[in-house]
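The values are calculated or read from the model by the stated rules, or taken from the named source; none is laboratory data. This one's a predicted model, so the numbers in the text were calculated from it and none came from an experiment. Glycine gets a Cβ as well: all are built from the backbone with ideal geometry, and neighbour counts include every protein chain shown. Accessible surface is based on the protein model in full, side chains and every heavy atom, while ligands, DNA and RNA are left aside. Shrake-Rupley method; radii C 1.70, N 1.55, O 1.52, S 1.80 Å.
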Amino acid sequence: MKAVKHITGTAIPMNINDIDTDIIIPAQYLTSTSQSGYGEHAFARLKTNPDFVLNQDKYQQAPILLTGSNFGCGSSREHAIWAIQELGIKAIIAPSFADIFANNAKKNGLLLIQQPDEVMSQLILQTTISEVNIAIDIQSQTIQAKNTTSKFELDEFFKHCLINGLDELDYLMSNIEKIKDFKNQQKNRTLFI
Amino acid sequence: MNKNIIDKIWDAHIVKQNPEHPAILAIDFCLVHEVTSAQAFDTLRHKSLPVLDTTKLLATVDHSIPTRKNRHEIFDQMAKAQVQKLRDNTAEFEVPFYDMDSSHQGIVHVVGPELGITQPGMTIVCGDSHTATHGAFGALAFGIGTSTVGHVFASGCLLMNKPKVMKVEFNGKFQAGVSAKDAIMKLIAQIGIGGANGHVIEYTGSALTDMSMEARMTLCNMSIECGAVAGLIAPDNITYDYLKTKQYAPKENWNKAVDYWNSLKSDTGCYYDHEILIDVSQLKPMVSWGTNPQQAIEIDQVIPKSSDDMTKNALDYVQLSAGDKLMNTDLDWAFVGSCTNGRIEDLRITASILKDRKIASNMTFYIVPGSEQVMKQAADEGLINIINQSGAEFRMPGCSMCLGMNDDKVPAGKRCISSTNRNFVGRQGTGSITHLASPATVAASAIAGKIVSANQYFCANGDIK
């Protein structure tokens, strides 16, 4: 995973609640066995509307997405994360995220930031009126948009992984002997398969 | 301290818990299918890692395959390559694999339980959000992304923060023709599609005491549709009766296993972060009207009025209006199948309603068994003949029309009543319109050619006339 400390750039206002993973990447594009090639189909069903925010030139490769609550609900497809990252998006700011989507984001270094409704409304309003640059600093856990600064929560372990570009699997494998011992002790005590 | 069943399973699987770190959680079994595994096997290759324990994995094909009789010929070249990739990967890493015609191919969440792989107290994962199905046995089972699938392959573990726990108590006796599917749809409509985010649900209550394992699987299956990490039901004698004869069930350790499983029940007075009570005794069959599973009503209600954009967009898409009744809405397609309702009990109910009747002449009705075992049993019980004589089409096992990623799609603009789990925009094919319902409601509606209740087919005691 690539180390990330700051994310700065144009914010895309996509003010829709409950965007599901079928919207982010429709199932017909999931037959690929590669980890790339999903970006061109990202939000395919919303892109059929010429006014959709991601059809606008100024938002191409913009790194920050502002969106509604429960973003990423539905299936476990990690293709949704890969598709979003291929659009150049590095951080998503929303009132809430679906759990599996949030877990998948962590594994790929996509930063998800939760902000309360009042901050979200302000950000969406500002970015809808004019193009706004947002600066996210991961170390200090702050978002700066125009003249306002807000803090955000971040899981300490994920923060450590993100800033240092560490992979969770490497951490798991560094514990592999302990894991093997644990699994041996499970047999016919708590596990009967 | 009094613990709930999730606390007990969680605590029994903690390999390591450092402060400020997620837990290293031991995973007992990982189910594998073609769509979410290829990149995980690539990770193993990239890092030169083996699978930690191949006996704790099982792979099959379900999502991308056709359900025609001659399904071995896959016309979609991408899907064909994806299925072949799973064959190659499982051969290379020596992962047990049930291919087509192996007698145990099917939807992962149907195959696991019927083999007895799904057992109480286990942690079970799969790159699939409907993994909570296995919670019916009192297992902590949840969907994960492909990166995490790779972690489980290599380490038999994953990193996770402990979820909160919600208790959902379904009380009362179902009316004839109302089932577990209606109960879970009611919960989702009540708390919303994000209503259980961050929680594992324990389902309890008098409505569950004599509920079959098949119905419990339907209930747990849709936990993700209200955002829950997982949903489970404490094991009881119904669980043990179902499990005892299955291939992977413990044999010489059976009594020891049952003692352990009985100890998992939530302690009296244990803590839940959230509790919900639902009385099912007056519940009518549920049908979804919109573009997410929360947008659902009882079949005799009208579509609610709301000024929000989400409702407006949903109604535009499904070509209905607030104030409309769903009852008698004209249909083009019907589908019974999927990990939600593709088990033998679902096919029995469907066939009982279709027996000696014909579906409406304009309808296309696919009935797709969840597995080769379900198909075999349906054949043995004469259900396939009944179904085919009604004008419906009995097909080969797979995910089929639940999601538009194989040949089975609802055409654009066509309206389908479906026993599946999601009615998202385009879920059953670009431009398709989905109404979620129980198999009974689907079968009755296929006969009528429009959305109707199945209650005319049921006696007051719940038997089918």
*Criterion: in contact (Cβ under 8 Å) with a residue 60 or more places away in the chain and either touching an Asp or Glu at 6+ places or on another chain (Cβ under 7 Å) or farther than 20 Å from B:G227 by Cα (or both) - qualifying residue of A:I124, A:I93*: A:I124
*Filter the stretch B:104-158 down to residues that are away from chain A (no Cβ under 11 Å) and open to solvent by 10 Å² or more (accessible area, probe 1.4 Å) and give me whichever is nearest to the chain's Cα centre (by Cα).*
B:E114
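Kindly check whether there is at least one residue in the stretch B:41-53 that is among the charged types (D, E, K, R), under 21 Å from A:I25 (Cβ atoms) and away from every other protein chain (no Cβ under 12 Å).
Here is the first cut: in the stretch B:41-53, the residues among the charged types (D, E, K, R) are B:42, B:45, B:47, B:53.
In the following step, the residues that additionally are under 21 Å from A:I25 (Cβ atoms) were identified as B:42.
Applying the additional criterion that residues be away from every other protein chain (no Cβ under 12 Å) yields none.
No, the stretch B:41-53 contains no residue that is among the charged types (D, E, K, R), under 21 Å from A:I25 (Cβ atoms) and away from every other protein chain (no Cβ under 12 Å).
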*Restrict the check to the stretch B:378-392 and report whether at least one residue is more than 29 Å from A:A27 (Cα to Cα), assigned to a helix (DSSP H, G or I) and among the acidic types (D, E).*
yes
*Matching residues in the stretch A:126-152 - criterion: being closer than 15 Å to A:T8 by Cβ and of a type in the set (V, I, T)*: A:T127, A:V132, A:I134, A:I136, A:I138, A:T142, A:I143, A:T149
_Inter-residue pairs, beta-carbon under 6 Å, first closer than 16 Å to B:S453 by Cβ and in a loop (DSSP other than H, G, I, E, B) and in the stretch B:347-360, second at pLDDT 95 or above and open to solvent by 10 Å² or more (accessible area, probe 1.4 Å), 6+ apart_ = B:R357/B:I447
*Pick from the stretch B:1-26 the residues that are assigned to a loop (DSSP other than H, G, I, E, B) and more than 10 Å from chain A (Cβ to nearest Cβ): which of them is least open to solvent (accessible area, probe 1.4 Å)?*
B:N4
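Which strands (runs of 3 or more DSSP E) sit wholly inside the stretch B:227-296 and have at least 2 residues that are open to solvent by 10 Å² or more (accessible area, probe 1.4 Å) and closer than 19 Å to B:K167 by Cβ?
Working: elements: B:230-232, B:274-279, B:286-288.
Hits in the stretch B:227-296: B:274-279.
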*Test B:V35 against the stated conditions and say whether it is touching a helix residue (DSSP H, G or I) at 6+ places or on another chain (Cβ under 8 Å), under 20 Å from A:Q185 (Cβ atoms) and not acidic (D, E).*
no
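Give me the strands (runs of 3 or more DSSP E) completely within the stretch A:1-108, filtered to those with at least 2 residues that are more than 13 Å from every other protein chain (Cβ to nearest Cβ) and over 15 Å from the mean Cα position of the chain (by Cα), ordered by residue number.
Filter on the stretch A:1-108 gives A:6-14.
Counting just the residues of the stretch A:138-193 that are assigned to a strand (DSSP E or B) and not charged (D, E, K, R), which one comes out nearest to the other protein chains (Cβ to nearest Cβ)? Can you show your working first?
Restricting attention to the stretch A:138-193, the residues satisfying the condition of being assigned to a strand (DSSP E or B) are A:142-145, A:148-151, A:187, A:191.
Now restrict to residues that are not charged (D, E, K, R): A:142-145, A:148-150, A:191.
Details: A:T142: 20, A:I143: 22, A:Q144: 26, A:A145: 24, A:T148: 26, A:T149: 25, A:S150: 22, A:L191: 6 Å.
Ranking the candidates gives A:L191 first.
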*Could you please give the count of residues in the stretch B:55-96 that are surrounded by fewer than 21 Cβ atoms within 10 Å (Cβ to Cβ), part of a helix (DSSP H, G or I) and basic (K, R)?*
3
*Do we have B:K47 as in contact (Cβ under 8 Å) with a residue 60 or more places away in the chain, under 25 Å from B:C157 (Cβ atoms) and charged (D, E, K, R) here?*
yes
*asked:* Tell me whether the stretch A:111-119 contains one or more residues that are at the interface with chain B (Cβ under 10 Å from one of its Cβ atoms) and surrounded by fewer than 21 Cβ atoms within 10 Å (Cβ to Cβ).
replied: no
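Out of curiosity, is B:K167 more than 14 Å from chain A (Cβ to nearest Cβ) and open to solvent by less than 20 Å² (accessible area, probe 1.4 Å)? Write out each step before concluding.
On the way: more than 14 Å from chain A (Cβ to nearest Cβ): yes; open to solvent by less than 20 Å² (accessible area, probe 1.4 Å): no.
Spelling it out, it is not the case that B:K167 is more than 14 Å from chain A (Cβ to nearest Cβ) and open to solvent by less than 20 Å² (accessible area, probe 1.4 Å).
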*Output yes when any residue across the stretch B:362-385 is of a type in the set (G, A, S) and surrounded by fewer than 21 Cβ atoms within 10 Å (Cβ to Cβ), and no when none is.*
yes
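Just one of B:D101, B:D76, B:D88 is at the interface with chain A (Cβ under 9 Å from one of its Cβ atoms), charged (D, E, K, R) and under 26 Å from A:Q28 (Cα atoms); which is it?
None of the others qualify; the one that does is B:D76.
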*If you scan the stretch B:422-439, which residues turn out to be within 14 Å of chain A (Cβ to nearest Cβ) and in a loop (DSSP other than H, G, I, E, B)?*
B:R422, B:N423, B:F424, B:V425, B:G426, B:R427, B:Q428, B:G429, B:T430, B:G431, B:S432
*Do we have A:E131 as acidic (D, E), open to solvent by 10 Å² or more (accessible area, probe 1.4 Å), closer than 30 Å to B:G150 by Cα and more than 13 Å from chain B (Cβ to nearest Cβ) here?*
no
*Filter the stretch B:330-346 down to residues that are open to solvent by less than 20 Å² (accessible area, probe 1.4 Å) and assigned to a loop (DSSP other than H, G, I, E, B), then give me how many there are.*
4
